[in-house]
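Structure, as structure tokens:
The values are calculated or read from the model by the stated rules, or taken from the named source; none is laboratory data. The shown structure was predicted, so the numbers you read here are calculated from the model rather than taken from an experiment. Here the Cβ positions follow ideal geometry from the backbone for every residue, glycine too, while neighbour counts run over all protein chains shown.
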Amino acid sequence: MIELRKMENQNFRTFGWVQDPSDFESLIKVVSIFDNKSETHKELVNEKIDRLIEERDGKSHFLEVLNSIPLKIKYADLVGTSFTPRSSARCNGIVQATVKGQVRDFISDWPADNFVRWAQALGFIKYNYFDDSFEITEEGLNLTGAKTIEEKEDILIDSLLSYPPAVRILNLLSDGKVKTKFELGKNLGFIGEDGFTSTDTEGSSDKYARMIAKWLSKLGLLVQVAKEVELNIGGKNYKEKIGQSYMITAKGIQSLNKVNGRSRHKRISKNISWEMLATKGTDRNYIRTRRALIIKSLIECKSGLTLEEIRDRLEIQTISELFTVVKDDIDGLINIGLNIEKIGGKIRIYSRKR
């Protein structure tokens, strides 16, 4: 089952793909901002905002926002802004004040943005397009209300299993072989497209693969190992060990079974935001819409559609494309982790137990 969240009228946020944050403890704190019963929220209201944020940077405003019911917080209030030079930076965002930095008692706007996008990608907070704000979801409240480490870990694992790119990484490793971040990256996302590059020096897809694999490793679904690879430089072969290589664990296999609804497990829905269907380029809105319509068509026709039938459905929506474009879109949707299969000339999203 797929839940597709689509943005209708705006396009100034990028959701769905995250490269930098990996600290689950900080992630939980960011989600806890939106739970007024959490210790993190109470600490912000009673101490942190007053200590870390000056009045000229919004102290009174942030306290008013945090005390509002229902609690919805605008992006600008969460993330804040940057300062030049960085050495002169002041804390001017709620997420900045929530997470302790390596040097200062707060982080800057860029990592704050990454934590917000990570929390949204995993379904713990949801975005309101009409006013550029966020609020907590039921899954987020489950996370902030969890009492034990085991409870939190189970919720985090389920959230990753609802995040298609994480499932893609698990599937790529399901054969039991060790694969480098480059081997994973070249099979992740809309390959070759701007925003999804894979190179020997780490392209965008390689960074996504590395970060997702790191999350999965922290939760015990993968294990990081070194893999020896052979490189040809100037006509000579060299052997090199790549430390950022990964192998699936028994726990990872069990999690894949859970995703696919095998055995006693109930299939986990996948959350896909419209924005994750293309990340860059002047025509990304068009590409996102085209791919969203392909997904919608496949959901509506459970028995499957041929490429010709998918193209015909797009033309009804005034989108005219070559077969090769539609085929590439299908391949890309598979590469972001959707359960799409090709059988007997038909393409379908499968939701049955495998």
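In contact with a helix residue (DSSP H, G or I) (Cβ under 6 Å, 6 or more places away or on another chain), at pLDDT 95 or above, surrounded by fewer than 17 Cβ atoms within 10 Å (Cβ to Cβ) and over 24 Å from Tyr208 (Cα atoms) - does that describe any residue in region 19-41? No, there is no match, as no residue in region 19-41 is in contact with a helix residue (DSSP H, G or I) (Cβ under 6 Å, 6 or more places away or on another chain), at pLDDT 95 or above, surrounded by fewer than 17 Cβ atoms within 10 Å (Cβ to Cβ) and over 24 Å from Tyr208 (Cα atoms).
Among the residues of region 147-173, those that are in a helix (DSSP H, G or I) and among the polar types (S, T, N, Q) comprise Ser159, Asn171. Which residue out of Ile191, Ile94 is in contact (Cβ under 8 Å) with a residue 40 or more places away in the chain and over 25 Å from Val259 (Cα atoms)? Answer to the check: Ile94. Considering every residue within region 118-140, establish whether at least one is crowded, with 16+ Cβ neighbours inside 10 Å, in the same structural domain as Lys214 (by TED's automatic domain parsing), under 25 Å from Ile287 (Cα atoms) and not hydrophobic (A, V, I, L, M, F, W, C). No, because not a single residue in region 118-140 is crowded, with 16+ Cβ neighbours inside 10 Å, in the same structural domain as Lys214 (by TED's automatic domain parsing), under 25 Å from Ile287 (Cα atoms) and not hydrophobic (A, V, I, L, M, F, W, C).
Taking the criterion of being out of contact with any Gly (no Cβ under 7 Å at 6 or more places or on another chain) and either assigned by TED's automatic domain parsing to the domain that holds Ala209 or more than 18 Å from Asp283 (Cα to Cα) (or both), the residues of region 304-314 that qualify are Gly304, Leu305, Leu307, Glu308, Glu309, Ile310, Arg311, Asp312, Arg313. Residues that are of a type outside the set (A, V, I, L, M, F, W, C) and surrounded by 15 or more Cβ atoms within 10 Å (Cβ to Cβ) were ranked within region 322-341; the one that is farthest from the chain's Cα centre (by Cα) is Lys327. Please tell me if Asp154 is in contact (Cβ under 8 Å) with a residue 12 or more places away in the chain and among the acidic types (Asp, Glu). Against the criterion (in contact (Cβ under 8 Å) with a residue 12 or more places away in the chain and among the acidic types (Asp, Glu)), Asp154 does not qualify. Filter region 17-43 down to residues that are within 15 Å of the chain's Cα centre (by Cα) and aromatic (Phe, Trp, Tyr) and give me whichever is nearest to Lys280 (Cα to Cα). Filtering first and then ranking leaves Trp17.
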